[in-house]
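Report on one structure; see the data block that follows.
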Protein chains: 2
Amino acid sequence: MSPTIAILAPGAMGSAVARRLSENGARVLTSLKGRSEQTAKRAAEAGMIAAEDADVAGCDIILSIVPPGEAVALAERLAAVIVRREKKPLVVDCNAVNVDTVLGIEEIIGSAQAPFVDAGIIGFPPQPGAKGPAFYVSGEHAKDLAVLKELGLDLRIVEGPVGAASALKMSYAGIVKGLAGIGSAMVLAATKAGASDALRDELALSQPAILARLSTALPDMIPKTYRWVAEMREIAGFLGPDHPASQIYEGFARWFEHLASDAKGDAVDAELLKAFAAKSEKREV
Amino acid sequence: MSPTIAILAPGAMGSAVARRLSENGARVLTSLKGRSEQTAKRAAEAGMIAAEDADVAGCDIILSIVPPGEAVALAERLAAVIVRREKKPLVVDCNAVNVDTVLGIEEIIGSAQAPFVDAGIIGFPPQPGAKGPAFYVSGEHAKDLAVLKELGLDLRIVEGPVGAASALKMSYAGIVKGLAGIGSAMVLAATKAGASDALRDELALSQPAILARLSTALPDMIPKTYRWVAEMREIAGFLGPDHPASQIYEGFARWFEHLASDAKGDAVDAELLKAFAAKSEKREV
């Protein structure tokens, strides 16, 4: 029999994961406590069943998929209801949080005597017909999630303890989103100094793979930078406050804050980034 | 008749440029004032002729090729001797300095009534048989350097005023060396958290071009990071102190300082970076 799975919260990623699982036969619960009507509608469309926290605690598996800043509070809320149940659910933290944070969450869930798995999601929310995103999982209970593979998720086990999957997610995002960060900063500075065409030409000549990546990443990042701010602070925390590279990621947080406010406002920088990428694509043809 | 060219200083880049120019028929002067015997030997081997500053000022073209922190002092030293000559040399600043710095240097050279060109060198010192590096030049006198192309340099005119070539150099280095910076920081953090194999696998799958770039860049950067520290501070200055992205480049300066001291010391991080790159190359085969 298919397991009962709870996914909190029913955001863009959470509801798309729920849709894939329910389409493959899983019963998927969620909590709509304090959520908007729009979210309730999205959850229902994804095949999710609204439930009280006590019922969430009675599921076989609980996936926590929330913005990084809400991960600890959700773990505490779950632990408070799980502690009262005899049969414990397997709790999976899928959030872009740093290793220390996920170790803290493991402790919170452990205080309710429930098994815990660390997970990191890499890629876009599940789309019909596409395989991704990748669900990297680590920790001694990671193998108990094999059922999620049968239910259509691209599950990949990282050999290592709780923390290894989050470390992978942090380091991967630190490279890919970091490249978007330096690329956007330098393209804008070159454009304002009248050197953007020369920069594009030199990259095309000596670093064509980087130019191709930036041509995709620069327009794609614009509506996402507001979410990347907290993720960059998590990466700085992953390195630790005294780490000689943590300032780089504090800097990215500040830069993405600027780009997010530009995108919400007059979008001057957003338009310049799109223009650079559009010209780059043209020359690739 | 071939022009007389002065190149200061006869460092690794300066003497390699001199060799190419002298092999193609140019008479190349340099100053050995205060330089070591080893440098004097390297200069002689590159076909350079030792000269006093007064003779340097009498050349047709002067190329300034020094570490970024020495560019302004050299300009002042040159202006002091050029001001006394009736026939003025064309002075070219080839250094990795920010736009404000090169505008200041233009003013210093202008105070001696000499024409000035902004240049940025992208690539390794000239090697026998290879075309590079690229000499990007900008400003109204850039076209007067066409003779350097005939003498074997890969000269490329950037349309734009003094500052455009330096902006290109800054933004290009900010992307390429920045990627090495984030890549090295994240690969080391992933390795220490036991997630380096998973990181390599995920990059190979979803970002193969970035993995290929890091496999080359991570071992290559180790002996160079000590020079990149000042260059990262120039890029922070290029953005300006109040720019929302300048902290990223201050962060890179600090990170490269750490990697430089690691490389000079027990090289723990250097070995981990080499190990990651070696495994990546293996899987590409």
**Request:** Have a look at B:12, B:137, B:47 and report the one farthest towards the positive end of the charge dipole of the range B:4-160, computed about the Cα centre with Cβ charges (Lys/Arg +1, Asp/Glu -1).
**Result:** B:47
**Request:** Could you work out the mean count of beta carbons from other protein chains within 10 Å of each residue's beta carbon in A:253-264?
**Result:** 2
**Asked** Hey, got the dipole for the protein assembly as shown? About the Cα centre, +1 on K and R Cβ, -1 on D and E Cβ, debye to the nearest 20?
**Response** 860 debye
**Item:** Theoretical FRET efficiency, 1/(1+(r/R0)^6), r = Cβ-Cβ of residue B:44 and residue B:149, R0 35 Å, to 0.05
**Value:** 0.85
**Request:** Would you look at the GNM of chain B, springs on alpha carbons closer than 10 Å, and say which of B:124, B:135, B:256 moves the most?
**Result:** B:124
**Request:** Find how many whole Å separate the alpha carbon centroid of the range A:116-153 from the alpha carbon centroid of the range A:27-70.
**Result:** 18 Å
**Request:** Would you kindly give the portion of the calculated P(r) for the range A:1-110 that falls above 18 Å, as a percent of all Cα pairs?
**Result:** 45 percent
**Prompt:** Residue of B with Cβ nearest the axis relating B to A, plus distance in whole Å?
**Reply:** B:209, 2
**Asked** Any idea what the dipole of the range B:4-160 comes to, in debye rounded to 20, about its Cα centre with Lys/Arg Cβ at +1 and Asp/Glu Cβ at -1?
**Response** 500 debye
**Complete:** Inter-copy distances for residue B:271, nm, shortest first, label points 7 Å along Cα→Cβ, are 5.5
**Request:** Taking every Cα atom in the protein assembly as shown, find the radius of gyration and the maximum pairwise distance Dmax, and write them in Å.
**Result:** 28.1, 96
**Request:** For residue B:124 paired with residue B:264, estimate the spin-label separation in nm (one decimal), with each label point 7 Å from Cα along the Cα-to-Cβ line.
**Result:** 2.5 nm
**Request:** Looking at the protein assembly as shown, send over the antiparallel percent of its DSSP beta bridges, to the nearest 5.
**Result:** 20 percent
**Item:** Theoretical gain in end-to-end length, residue B:100 to residue B:54 [0.36 nm per residue, Cα-Cα removed]
**Value:** 13.8 nm
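Give, in nm to one decimal, the length gained when the segment between residue B:37 and residue B:80 is fully stretched (0.36 nm per residue of separation minus the Cα-Cα distance).
Separation in residues times 0.36 nm, less the Cα-Cα distance, equals 12.9 nm.
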**Relative contact order of chain B, pairs being alpha-carbon contacts under 8 Å that are 6 or more residues apart, as %** = 14 percent
**Item:** Copy-to-copy label separations for residue A:226, where each label sits 7 Å from Cα toward Cβ, in nm and ascending
**Value:** 4.8
**Fill in**
Output for chain A (equivalent-ellipsoid semi-axes, sqrt of 5λ from the C-alpha gyration tensor, Å, descending) is 38, 20, 17
**Label geometry 7 Å along the beta-carbon vector: residue B:115 inter-copy distances in nm** = 7.8
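How much net charge surrounds residue A:245 when only the other residues with a Cβ under 13 Å from the Cβ of residue A:245 are counted, with Lys and Arg +1 and Asp and Glu -1?
After counting each charged neighbour, the total is -4.
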**Anchor residue A:131: aspartates and glutamates whose Cα lies under 13 Å away (excluding residues fewer than 8 positions away in-chain)** = A:150, A:154
**Request:** Quote the charge dipole size of chain B about the Cα centre in Debye, to the nearest 20; the model charges only the Cβ of Lys and Arg (+1) and of Asp and Glu (-1).
**Result:** 620 debye
**Prompt:** What distance in nm separates the simple spin-label points at residue A:242 and residue B:220, each placed 7 Å from Cα in the Cβ direction?
**Reply:** 3.5 nm
**Asked** What does the average come to when, for each residue of peptide A:233-240, you count the partner chain Cβ atoms lying within 10 Å of its Cβ?
**Response** 2
**Prompt:** Calculated from DSSP H runs of 4 or more alone, at -39500 (n - 2.57) each and per residue, what is the 222 nm mean residue ellipticity of chain A, nearest 500?
**Reply:** -18000 deg cm²/dmol
**Asked** Which listed residue (B:99, B:63, B:126) has the Cα farthest towards the positive end of the charge dipole for chain B, taking +1 on Lys and Arg C-beta and -1 on Asp and Glu C-beta about the Cα centre?
**Response** B:126
**Message:** Sort A:30-43, B:139-152, B:110-123 by packing, meaning the average of other beta carbons within 10 Å per residue, with the highest value first.
**Reply:** B:110-123, B:139-152, A:30-43
**Message:** What do you get for the angle between helix B:268-284 and the principal long axis of chain B? Use alpha-carbon atoms, 0 to 90 degrees, nearest ten.
**Reply:** 80 degrees
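No value in this document is a laboratory result; all are computed from the given coordinates. Keep in mind it's a predicted model, so treat the numbers as computed, not measured. In this analysis, Cβ positions are derived from the backbone assuming ideal geometry, glycine residues included, and neighbour counts consider all displayed protein chains.
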